[in-house]
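Down below is the structure, laid out as structure tokens.
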Amino acid sequence: MLSKKNIKEIRNQFPILKEKIYDKSLIYLDNAATTHKPKNVIESSNFFYSKINSNVHRSMHFLSKKATISIENVRKKVKKFICAKHDSEIIFTKGTTESINLIAYSIRNFINQGDEILISHMEHHSNIVPWQNICDLQKSILKIIPINNNGIIDLNKFESLISERTKIVSVCHISNVLGIINPIEYIINKAHELGAWVLIDGAQAVSHLCLNMQKLNVDFYVFSGHKMYGPTGIGILYGKKNILKRINPYQFGGEMIKNVDFKKTTFSSIPFKFEAGTPNIEGIFSLGEAINFIKKIGLKNINCYEKELVKYAIKKLNELDNIYIYGKSNKIYTKSSIISFNLNKLHCFDIGSILDRLGIAVRTGYLCAQPLMNFFNVNGMIRISFSIYNTFEEIDYLFNSLIKAIKMLKYYE
Ligand SMILES: *Cc1c(COP(=O)(O)O)cnc(C)c1O
């Protein structure tokens with residue numbers, strides 16, 4: 001397990017952690033929304049524009065070749081990071097949302113009237129709305145896999161919902177609200193038995209768990225750079241080679257074509273078929289540095305440390321009267337570094353504003369998952385989410401601040 005000294009060294013790599021918030025030290029517990037960036041990522045942006053900047057894949061000149069090689073090396077790095085089989089299975093997008101939209105629209109022709117798309121009740125809006133739109137366009141049917149009161153996917157109901165009519169199952173690896181790790185291996189195998197494709201929304205998993213695309217045997221896996229210590233505006237779509245070859249491009253224009261003629265245009269091969277226009281070259285370059293950062297610490301170490309943080313935080317939070325923590329894990333479902341809760345009738349926004357004044361950044365509200373809020377019959381939740389730079393002392397400070405907030409709000413009640 002990483003020592004206090006290790007964590008201190010890691011924290012030193014994040015300049016923003018030294019910022020003062022209303023004269024208080026920053027306690028950043030909103031990592032599920034976006035993580036901060038270590039120095040090597042921040043500096044890589046400067047390095048890119050100072051040393052490499054040029055457009056990619058187009059010209060023969062020195063810098064263009066250098067830029068092209070740089071981003072193709074990141075493609076290889078991502079491939080290795082998630083244990084994909086081929087470089088061409090890695091597609092650069094602007095984030096999880098774009099990756100899901102890309103797949104939804106690219107497989108549209110495979111979805112006919114009356115076909116079914118399965119998602120779960122705990123999805124982020126970006127894994128709901130694109131599918132609703134595809135269902136409208138194709139006259140297909142969106143089915144929702146129910147969850148139980150502990151926020152766990154009901155696998156029996158999943159089995160009764162999935163059928164030969166199901167064309168794709170799209171669920172999150174880890175819920176951005178509940179932090180529960182879904183049994184995606186089981187879901188993938190079951191879907192494949194019935195001939196359905198599976199997309200896994202890995203936005204909350206990629207910086208916490210070791211991933212292996214080949215072992216998972218998943219058809220599509222998507223995530224964002226900014227939740228894994230990288231920049232905003234860059235994300236990944238992993239897709240199985242033989243499927244990517246068969247499905248349509250999502251956007252059309254430069255970079256994605258082989259031959260353009262007014263009579264007939266032919267498309268480039270994968271992955272370029274899905275990367276129309278000038279990509280976020282600097283973002284891709286810096287994503288490579290974010291992966292270097294994670295690899296240097298090691299995902300096993302990260303996972304181990306964050307698990308201890310979560311265990312400690314849950315223990316402390318449970319000492320508070322009238323707290324309700326959403327999403328209880330059991331044997332097959334474990335909890336990742338996200339905890340969402342409410343304090344009896346106190347409004348999450350009131351708690352959030354007081355915590356903010358004390359220097360603590362948490363997320364409050366719908367958490368981009370309104371159907372899940374409706375399921376639990378609440379107007380919002382308070383979410384804390386950890387990453388590798390958080391500490392046990394920060395959890396103690398949060399605990400004491402929550403006690404303060406509760407007292408204040410009770411007083412004014
Ligand atoms: C953040 C998040 C998304 C959306 O990611 P963007 O980077 O905003 O595109 C989708 N799903 C989950 C589970 C998320 O946590």
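Counted by Cβ distance under 13 Å from residue 248, the other residues give a net charge of +4, where Lys and Arg count +1 and Asp and Glu count -1. When the Cα positions of 61, 172, 318 are compared along the charge dipole of the chain, 61 comes out farthest toward the positive end, with charges on each C-beta of Lys, Arg, Asp and Glu. Footprinting exposure proxy ranking of 201, 261, 30, fewest other C-beta atoms within 10 angstrom first, gives 261, 30, 201. Between residue 324 and residue 215, the simple label model (points 7 Å from Cα in the Cβ direction) yields a spacing of 3.7 nm. With the Kirkwood sum run over all distinct C-alpha pairs, the chain has a hydrodynamic radius of 22.5 Å. Counting neighbouring Cβ atoms within 10 Å and putting the fewest first, the residues 293, 252 line up as 252, 293. Between residue 185 and residue 69, the modelled label-to-label distance comes to 4.1 nm, taking each label 7 Å out from Cα in the direction of the beta carbon. For the chain, the relative contact order works out to 23 percent when only alpha carbon pairs closer than 8 Å and six or more residues apart are counted. Estimated from the Cβ-Cβ distance and a Förster radius of 35 angstrom, the FRET efficiency linking residue 192 and residue 60 is about 0.20. Taking every C-alpha pair closer than 8 Å and separated by at least 6 residues, the mean separation divided by the residue count of the range 151-203 gives a relative contact order of 45 percent. Of the DSSP H helices in the chain, those with a Cα length along their own long axis of 30 Å or more and a mean Kyte-Doolittle hydropathy reaching 0.0 comprise 392-412. Fewest-first ordering of 336, 268 by other beta carbons within 10 Å of each residue's beta carbon gives 268, 336.
The Cα-based radius of gyration and maximum Cα-Cα distance (Dmax) for the range 7-101 are 17.5, 53 Å.
Label-to-label distance for residue 136 and residue 76 is 4.4 nm, based on points extended 7 Å past Cα in the beta-carbon direction. Contact order, relative form, for the range 275-413: 25 percent (alpha carbon pairs under 8 Å, 6 or more residues apart, mean separation divided by residue count).
Fully extending the segment from residue 296 to residue 83, taken as 0.36 nm per residue of separation minus the present Cα-Cα distance, adds 75.0 nm. Considering only the range 42-295, what is the antiparallel percent among its DSSP beta bridges, to the nearest 5? Of all bridge pairs located within the range 42-295, approximately 45 percent are antiparallel. Dipole orientation for the range 261-401: of the candidates 266, 362, 336, 266 has the Cα lying most toward the positive pole (charges on Cβ; Lys, Arg +1; Asp, Glu -1). Comparing 279, 271, 15 in a Gaussian network model of the chain (Cα springs below 10 Å), the most mobile by mean-square fluctuation is 15.
Each value in this text was obtained by applying a stated rule to the coordinates, not by laboratory testing. Computed from a predicted model, the values in this text were never measured in an experiment. Cβ coordinates were reconstructed from backbone atoms using ideal geometry, including for glycine residues, and neighbour counts include every protein chain displayed.
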